[in-house]
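Novice: Below: one structure in structure tokens.
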Amino acid sequence: MAGSSALPKLMKAAYLVGSRQVEVREVPVPEPSLDEALIRVEAVGVCGSDVHYYEHGRIGRYVVDGPLILGHEASGVVVAVGANVKHLRPGQRVAIEPGVTCGRCEACKSGRYNLCPHVRFLATPPVDGAFAQYIAHRADFVHPIPDDMSYEQAAMVEPFSVALHAIRRSGMRPGDRVAIAGMGPVGLLTVVAARRLGAGDVVVSDTVEKRLQLALQLGATEAVQAKQGTIADAVHERFPEGVDVAIETAGHPDAVASLLPALRRGGRLVIVGLSQAPLRELDLTQITDGEIEIAGVFRYANTYPAGIQLMREVDVWHLITDTFPLAEVGDALERARTHKSESIKVVVYPQA
């Protein structure tokens with residue numbers, strides 16, 4: 001193992017041990033396998049899924065049934081590599097793509113590796129995540145970053161990858177009009193991705209005024225307060241024929257239903273948010289009569305190289321509202337859980 005001579009034997013890691021209960025433990029530093037890199041973790045973003053596991057202990061079929069390290073939006077520094085790793089070296093600053101896939105199934109071979117049924121994704125039970133001082137990760141999912149890129153920017157490549165994948169799935173072309181419902185971190189980054197990839201007008205909606213104002217700063221051309229009106233009405237006031245692309249990132253069935261009337265005939269609806277409630281009403285006549293295409297988004301694939309290049313141009317301090325050391329991961333999760341109208345993105349520093 002190259003680069004391992006001065007490594008500590010023990011590290012600190014934050015474990016979810018019960019509902020809204022986090023415990024920082026001292027545990028052995030992991031040993032990287034032949035195909036892995038050992039990474040000193042420098043920055044980790046708190047995701048909505050982390051908060052959901054923290055509060056409810058499960059997401060769908062994924063159940064926390066023992067102590068689990070959360071956190072999957074991560075960046076750091078390579079400190080050692082396995083014997084088979086050739087493209088990384090100790091000292092390289094990197095972004096960590098959290099989903100390690102099998103590489104052999106039909107989904108992987110077709111390039112849609114996000115659909116791999118054998119994926120091991122950081123902080124998805126039973127796989128431990130990155131709220132730890134060191135992690136070992138398969139090297140082909142570790143991406144070097146430029147010298148001028150911050151660890152915070154590199155960590156944000158993960159949620160930005162969801163946004164990039166959504167734009168790709170939408171078939172958006174330069175100049176297209178786009179509507180986006182839900183201005184959480186992924187929705188805000190979808191605004192960034194849409195504008196960077198050539199969108200024309202971008203109309204957004206949310207119920208939180210702070211998030212709407214931030215969306216305008218990041219490139220949205222119109223922001224709709226969802227408590228006062230529908231995004232479809234705002235769209236049709238400006239574009240009677242509707243938008244080309246509508247993207248739902250709120251994770252709520254009402255947001256999906258609100259976007260469908262905003263689309264032009266032949267438009268495309270992209271669903272990103274993971275809703276905990278079923279969608280009960282959808283105008284099937286509009287879908288068939290207007291040949292509306294509907295695409296789902298599950299994580300991402302082949303986005304990190306582009307995401308790194310684009311994210312280095314984004315001032316992530318527009319998004320980062322709170323920072324915590326590793327010893328206060330519980331406080332970080334609680335902040336993200338209870339202050340959703342104030343906190344956009346919470347970041348944890350494992351070395352602090």
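The values are calculated or read from the model by the stated rules, or taken from the named source; none is laboratory data. All values derive from a computational prediction rather than experimental measurement. Positions of Cβ are backbone-derived with ideal geometry, glycine not excepted, and every protein chain shown enters the neighbour counts. Protein only, heavy atoms only, side chains kept; ligands, DNA and RNA dropped before computing areas. Shrake-Rupley method; radii C 1.70, N 1.55, O 1.52, S 1.80 Å.
Novice: At 7 Å along the Cα-to-beta-carbon direction for both Val17 and His87, put a label point, then send me their distance in nm to one decimal.
Specialist: That separation, rounded to one decimal, is 4.0 nm.
Novice: With a point put 7 Å past each Cα toward its Cβ, work out how far Leu216 is from Glu241 in nm, to one decimal.
Specialist: The two pseudo-label positions are separated by 2.8 nm.
Novice: Could you do me a favour and compute the accessible area per residue for the chain, 1.4 Å probe, result in Å²? Walk me through the intermediate numbers first.
Specialist: Numbers: 15300 Å² over 352 residues.
That works out to 43 Å² for each residue.
Novice: Further question on the same structure: Output needed: percent of Cα pairs per 5 Å distance bin for the range 162-232, bins running from 0 to the one holding the longest distance.
Specialist: 4, 20, 33, 24, 14, 5, 0
Novice: For a protection proxy built on the mean count of beta-carbon atoms within 10 angstrom, sort 268-274, 312-318 highest first, please. Spell out each step's value before the answer.
Specialist: On the way: 268-274: 21.4, 312-318: 13.9.
Descending packing order for the listed peptides: 268-274, 312-318.
Novice: Another question, then. If packing is taken as the average count of other Cβ atoms within 10 Å, what order do 59-70, 340-351 fall into, highest mean first? Walk me through the intermediate numbers first.
Specialist: Values: 59-70: 15.7, 340-351: 19.6.
Result, highest mean Cβ count within 10 Å first: 340-351, 59-70.
Novice: Shifting gears a bit: Per residue of the chain, what 222 nm ellipticity follows from adding -39500 (n - 2.57) for every DSSP H run with n ≥ 4, rounded to the nearest 500? It would help to have the intermediate numbers written out before the result.
Specialist: Details: 10 runs with 93 residues, N = 352.
Dividing the helical sum by the residues of the chain leaves -7500 deg cm²/dmol.
Novice: Contour minus end-to-end for Asp147 and Cys105, with contour as 0.36 nm per residue of separation and end-to-end as the Cα-Cα distance? Write down the numbers at each step before the final one.
Specialist: Details: separation 42, 0.36 × 42 = 15.12 nm, distance 3.54 nm.
So the extension gain works out to 11.6 nm.
Novice: Once Lys and Arg get +1 and Asp and Glu get -1 on their Cβ, which of Gly242, Gln228, Gly182 lies farthest toward the positive end of the dipole of the range 164-260?
Specialist: Checking the options against the dipole of the range 164-260, the answer is Gly182.
Novice: Provide, for q = 0.14, 0.19, 0.21 Å⁻¹, the log10 of I(q)/I(0) from a solvent-free Debye sum over equal Cα point scatterers in the range 110-197.
Specialist: -0.68, -1.13, -1.25
Novice: Report, in order of residue number, the helices in the chain meeting two criteria: a C-alpha extent of 15 Å or more along the helix axis, and a mean Kyte-Doolittle hydropathy of at least 0.0; treat each whole DSSP H run as one helix.
Specialist: Working: long enough: 151-170 (29 Å, 0.07); 185-196 (16 Å, 1.01).
What comes out of the filter, once short or polar helices are dropped, is 151-170, 185-196.
Novice: Quick one: pull the percentage of alpha-carbon pairs in the chain with a separation above 40 Å. Don't jump to the answer; show the numbers that get you there.
Specialist: Values: 7819 of 61776 pairs.
Pairs farther apart than 40 Å: 13 percent.
Novice: Another one. With N residues in the range 235-333, what two-decimal value do you get for its Cα radius of gyration over 2.2 N^0.38 Å?
Specialist: That ratio works out to 1.43.
Novice: Taking the range 235-308, which GluC sites (Glu not before Pro) meet the DSSP loop condition and have no more than 14 other C-beta atoms within 10 Å?
Specialist: Numbers: sites: Glu237, Glu241, Glu248, Glu281, Glu291, Glu293; in loops: Glu241, Glu281, Glu291.
Qualifying residues, ordered by number: Glu241, Glu281, Glu291.
Novice: Please sort 156-167, 252-263, 296-307 by packing, taking for each peptide the average over its residues of neighbouring beta carbons within 10 angstrom, highest first.
Specialist: Numbers: 156-167: 27.3, 252-263: 21.2, 296-307: 18.7.
Most protected by this proxy first, the peptides run 156-167, 252-263, 296-307.
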